[in-house]
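Working notes for the structure below.
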Amino acid sequence: MPTISPKKPYRVGRSRTGLGLFATKRIKKGSKIVRYFGPLLDCKKKKEDAIENKYLFELNNRWTIDGSVRENVARYINHGCKPNAESDVKPRKRKVFIRAIKNIEPGDEINYDYGTDYFKAYLKPIGCKCDACEKKRKKQRAEARAERARLKAKAERKAKREAEEEAAKRTKAKARAKAKEKSTAAVELKPDRKRKLDTKKAPAVRLKAGSRPVKRKVTNGLQLGASTPSPRRRHKPATTMVVAEQPVAATGEASAAFQASNLSVPAATVDHAVDEAKQASA
C-alpha cells in the first residue's frame, strides 16, 4: 500500500470490493482530487499492445496509460454507477485527473464511472458492487421477500378458507344425516292407522231406546244431542219375575195365585200370599 502524505485529502482504506480511496477532508465540487498516472503504452507497438491488466486507461486510439504501478494512488478508486467524481482526460498532455463532481464529505468513498466497455468486460459478469447497485439489490431483495411473504399469506388465507368451507360442508352433512336418522326413527314409530275425530263426519252410534233406532253423534267421547246422565241416577238390577206353576183350583188360593201372576209380583210375595190363604181356610 503506497504511503500517502497527510496533506492529501484522501487515504486508502478497506471497501466492499477490496481496497478503495476515501476522503479525509471535505472536497469541494469541481476540485481536482488525484492524478491517474503510469507508463504510456503505444498501441502501434505489438509488445506494448499485448499488455493486458485492469488498470489500463485509454487516452486515444494510440496512447494508453498503464496505471498498475503502486505509486498510482488513483488506481484504488473504484467504479460507481452514481459516482461523486469523474475522469478529466487531456489527450494532448497525455494526462488524466480525477475531479469531484459534487461535494464529498470526510469518510465518503471516492468513485467514478469506468465506462461502458470496462463495465461489460469486467464488472457485469461478477456484478457491480458499488453503493448504488448494492442499494438497488437490497431494494430488490426486500421487494422479493415482501412478494414471497404476500404470496405465502395469500396461500395461507386460501388454505384457511378452503378448510373452513370443508368444515362447513362436513357440519352440514352431519346435520342432514342426523335429521334423516330422526325422520327414519319417527316413521318407524308412527302407527299404521291414526283415527281422526271430525265433527262434520263423526261415526254414527245407535242407542237402543225401544224399537226405534236413534242416531247420535260422538265427538271426543261425548254424545251430542243426548242428555248427560245424572251422577245420582243409578240403574238398579231388574228383579227376576217368577210365576208359580200350580194347578188352578176353584178356591181362594187359586184366585190369589192367579191375581198374583197377573200382577207380576215377585215369587216371594206369591208364596207369602199362599201361606196366608191356607191359614184363612183352615
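In terms of modelled amide H atoms, which long-range or inter-chain residues lie less than 5 Å from the amide H of Ser15?
Amide H neighbours of Ser15: Gly20.
What does the charge count near Ile65 come to, summing +1 for each Lys or Arg and -1 for each Asp or Glu among other residues with Cβ under 11 Å from its Cβ? Numbers along the way, then the final one.
Details: positive: Arg35, Arg75, Arg94, Lys95; negative: Glu58, Asp66.
Within the 11 Å Cβ shell, the charges total +2.
Near the amide H of Phe37, under 5 Å away, which other amide H atoms are found, from residues 5 or more places off or on another chain, if H is placed in the peptide plane?
When sequence neighbours closer than 5 places are left aside, the close amide H contacts are Ala74.
Suppose the chain between Val69 and Ala175 were pulled fully straight at 0.36 nm per residue; how much longer would it get relative to their current alpha carbon spacing?
Details: separation 106, 0.36 × 106 = 38.16 nm, distance 8.82 nm.
Roughly 29.3 nm would be gained on extension.
Modelled label-to-label distance, Lys158 and Arg62, 7 Å Cα→beta-carbon offset: nm?
Computed distance between label sites Lys158 and Arg62 equals 6.8 nm.
Could you give each residue of the stretch 56-66 its phi-based ³J(HN,Hα) in whole Hz, using Karplus coefficients 6.51, -1.76, 1.60 with θ = phi - 60°, and x for Gly or Pro?
These are the phi-based 3J(HN,Hα) values: 7, 10, 7, 8, 7, 5, 10, 9, 9, 8, 8 Hz.
Evaluate 2.2 N^0.38 Å with N set to the residue count of the stretch 82-172, then give the Cα radius of gyration divided by it. The partial results should precede the final answer.
Values: Rg = 25.9 Å, N = 91, 2.2 N^0.38 = 12.2 Å.
Here the Cα radius of gyration is 2.12 times the empirical estimate.
Within the stretch 31-83, how many Lys pairs sit with Cα atoms under 28 Å apart, leaving out pairs fewer than 8 places apart on the same chain? Numbers along the way, then the final one.
On the way: Lys32/Lys54; Lys32/Lys82; Lys44/Lys54; Lys45/Lys54; Lys46/Lys54; Lys54/Lys82.
Total qualifying Lys-Lys pairs in the stretch 31-83 comes to 6.
Compute the projected area of the convex hull of the Cα atoms of the stretch 9-85, averaged over all viewing directions, and report it in nm² to one decimal place. Before the final figure, lay out the partial values.
On the way: hull surface 24.5 nm².
Spelled out: convex hull of the Cα atoms, projected over all directions, averaged, 6.1 nm².
Which of the trypsin sites (Lys or Arg not before Pro) across the stretch 83-162 are loop residues per DSSP, with 11 or fewer other Cβ within 10 Å?
Working: sites: Arg92, Lys93, Arg94, Lys95, Arg99, Lys102, Lys120, Lys129, Lys135, Lys136, Arg137, Lys138, Lys139, Arg141, Arg145, Arg148, Arg150, Lys152, Lys154, Arg157, Lys158, Lys160, Arg161; in loops: Arg92, Lys93, Arg94, Lys102, Lys129.
Passing both the DSSP loop test and the Cβ count: Arg92, Lys93.
Whole-Hz Karplus ³J(HN,Hα) for the stretch 72-80, in order, using 6.51 cos²θ - 1.76 cosθ + 1.60 and θ = phi - 60°, x for Gly and Pro?
7, 5, 5, 5, 7, 6, 8, 6, x
Taken together, the values in this text are just the output of simple stated rules run on the coordinates, not laboratory data. In this text, all values refer to a predicted model and were calculated from it rather than measured experimentally. Positions of Cβ are generated from backbone atoms using ideal geometry, with glycine treated the same way; all protein chains shown enter the neighbour counts.
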